[in-house]
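The values are calculated or read from the model by the stated rules, or taken from the named source; none is laboratory data. In this text, all values refer to a predicted model and were calculated from it rather than measured experimentally. Cβ coordinates were reconstructed from backbone atoms using ideal geometry, including for glycine residues, and neighbour counts include every protein chain displayed. The accessibility values were calculated without ligands, DNA or RNA, using every heavy atom of the protein model including side chains. Shrake-Rupley method; radii C 1.70, N 1.55, O 1.52, S 1.80 Å.
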Amino acid sequence: MRLLGLGLAALLVLTGCGQHQKGFELSANLVTDDVTLNWSGAPTDAAYLMVEYATEEAGPYIILDFLSPSQQTFEHPDLMPGTTFYYRVTPLTAPTGEPAKAQPHKEDIQLTWPDTSTNEDGYLLERRTGAQPVQVAAYLDPNTTSFDLPLLPTDKPATYYPRPFRRGTPTPITHETTPPE
């Protein structure tokens, strides 16, 4: 009898006393040839949410955008007809770093910084321009210590911050198929 009671107690602990705890969840909604993504449960320690898509479930996945962790929707517009699109959203943790040293050239700017992280999955290069929102200017490989950033005629003076990042657990993959033409 005591063994049965212990077994029942262990089962209740394993099942969370019957309560379902939601994690980082993603859904997609197709309207004509646009897909709107909605998610909930993003980790509170994320610096960014990386939105990606692929046309095959196994990938390769292509980055659509880096969003604030407070954002919970994204629209992927004007998609190819008769195509299945797979989506995932991955949280990235990234401590704030020091500004990169900049060496301007005619058509680009060479940015350099020390690699102070030992276990990064890569670097996000942030662009900060006055009162404008911070933008991710580049997604770089691990152990990167320099980058030549092409300049556009519309670029204004900015400060660039390399942020070593770690990938969190992505949402489950969701998909939508656009109607044929």
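Select from region 68-80 the residues that are free of Cβ contacts under 8 Å to residues at least 40 places away in the same chain and in contact with a Ser or Thr (Cβ under 9 Å, 6 or more places away or on another chain) and write down the one among them that is farthest from Asp33 (Cα to Cα).
Filtering region 68-80 down to residues free of Cβ contacts under 8 Å to residues at least 40 places away in the same chain leaves 68-74.
Filter once more, keeping what is in contact with a Ser or Thr (Cβ under 9 Å, 6 or more places away or on another chain): 69, 72-74.
Values: Pro69: 26, Gln72: 20, Thr73: 17, Phe74: 14 Å.
Taking the candidates together, the pick is Pro69.
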Inset, instruction - Check off (1) touching a residue at least 12 places away in the same chain (Cβ under 8 Å); (2) farther than 17 Å from Phe165 by Cβ for Pro60 and give me the number that stays unchecked. - result: (1)
Inset, instruction - Out of the residues in region 157-181 that are within 17 Å of the chain's Cα centre (by Cα) and hydrophobic (A, V, I, L, M, F, W, C), state the one that is farthest from Ser27 (Cα to Cα). - result: Phe165
Inset, instruction - Report, ordered by the first and then the second residue, all pairs with beta carbons closer than 9 Å, sequence separation of six or more or different chains, a first member in region 93-107 that is of a type in the set (Val, Ile, Thr), and a second member that is open to solvent by 90 Å² or more (accessible area, probe 1.4 Å). - result: Thr93/Asp45; Thr93/Arg166; Thr93/Arg167
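Take the residues in region 1-27 that are surrounded by fewer than 18 Cβ atoms within 10 Å (Cβ to Cβ) and modelled with pLDDT of 50 or more; name whichever of them is farthest from Leu67 (Cα to Cα). Please lay out each step first, then the result.
Taking region 1-27 as the starting set, the residues that turn out to be surrounded by fewer than 18 Cβ atoms within 10 Å (Cβ to Cβ) are 1-23, 25, 27.
Checking the rest, the ones that are also modelled with pLDDT of 50 or more come to 22-23, 25, 27.
Numbers: Lys22: 21, Gly23: 19, Glu25: 16, Ser27: 17 Å.
So the residue we want is Lys22.
Answer yes if at least one residue in region 80-91 is within 24 Å of Ala137 (Cβ to Cβ) and open to solvent by 80 Å² or more (accessible area, probe 1.4 Å), and no otherwise. So that I can check it myself, show each step before the final result.
Of all residues in region 80-91, those within 24 Å of Ala137 (Cβ to Cβ) come to 87-91.
If we keep only those that are open to solvent by 80 Å² or more (accessible area, probe 1.4 Å) too, we end up with none.
Among the residues of region 80-91, not one is within 24 Å of Ala137 (Cβ to Cβ) and open to solvent by 80 Å² or more (accessible area, probe 1.4 Å), which makes the answer no.
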Inset, instruction - Please enumerate the residues belonging to region 152-181 that are surrounded by 15 or more Cβ atoms within 10 Å (Cβ to Cβ) and not in a strand (DSSP E or B). - result: Ala158, Gly168, Pro170, Thr171, Ile173, Thr178
Inset, instruction - May I ask you to list pairs of residues, at least six apart or on different chains, whose Cβ atoms are under 6 Å apart, with the first in region 28-42 being within 15 Å of Ile173 (Cα to Cα) and in contact (Cβ under 8 Å) with a residue 24 or more places away in the chain and the second being of a type in the set (Asp, Glu) and open to solvent by 50 Å² or more (accessible area, probe 1.4 Å)? - result: Thr36/Glu75; Ser40/Glu25
Legend entry - Check on Leu64, within 16 Å of Leu140 (Cα to Cα), touching a His at 6+ places or on another chain (Cβ under 9 Å) and surrounded by 15 or more Cβ atoms within 10 Å (Cβ to Cβ): yes
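Can you tell which of Thr83, Thr112 is of a type in the set (S, T, N, Q) and free of Cβ contacts under 8 Å to residues at least 40 places away in the same chain?
Exactly one residue qualifies, and that residue is Thr112.
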Inset, instruction - With the condition kept exactly as written, say whether any residue in region 100-113 is out of contact with any strand residue (DSSP E or B) (no Cβ under 8 Å at 6 or more places or on another chain) and among the charged types (D, E, K, R). - result: yes
Inset, instruction - Consider Glu176 carefully, then state whether it is of a type in the set (D, E, K, R) and in contact with a Phe, Trp or Tyr (Cβ under 7 Å, 6 or more places away or on another chain). - result: yes
